[in-house]
Amino acid sequence: MNMGNRIAELRSNAHMSQFQLAKVLGIGTSTLGMYETNKRKPSPKVLNRIADYFNVSTDYLLGRKKLDADTPDKPLSKNQKLVAYSIDPDISDEERRDIIEMVKIAMKNRRRV
């Protein structure tokens, strides 16, 4: 799904007309129509307004997937956690989280091969 479709879907789910959303965003109705048909892209300022209004991230509107450490991936198995936590009993929680992230990266790379 592209950005225009996402904007149109959010607007439709909120039971708003293009006129109503354009007024909220401070843009013209035809401008919003061009966003929804992918003939034009919103400026970063307007993109933020859309995201804020619908309580979504700009990454969602742009169609990006979350790639940071907070991405809810498949949970680690009990054995994977044991490996991560048994490396050294005296390491900090931050270091343990780093080890878990390395295990997750290794799991993703294994799936790609």
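At a glance:
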{"item": "Two-site FRET efficiency, MET107 against VAL24, from Cβ-Cβ distance with R₀ of 41 Å, rounded to 0.05", "result": "0.45"}
{"item": "Projected-area mean, segment 1-60, by convex hull of Cα positions, square nanometres", "result": "3.5"}
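Values in this text are rule-based calculations from the coordinates and carry no lab data. What you see is a predicted model; the values in this text were computed from it and never measured. Cβ atoms come from the backbone with ideal geometry, glycine included; neighbour counts cover every protein chain shown.
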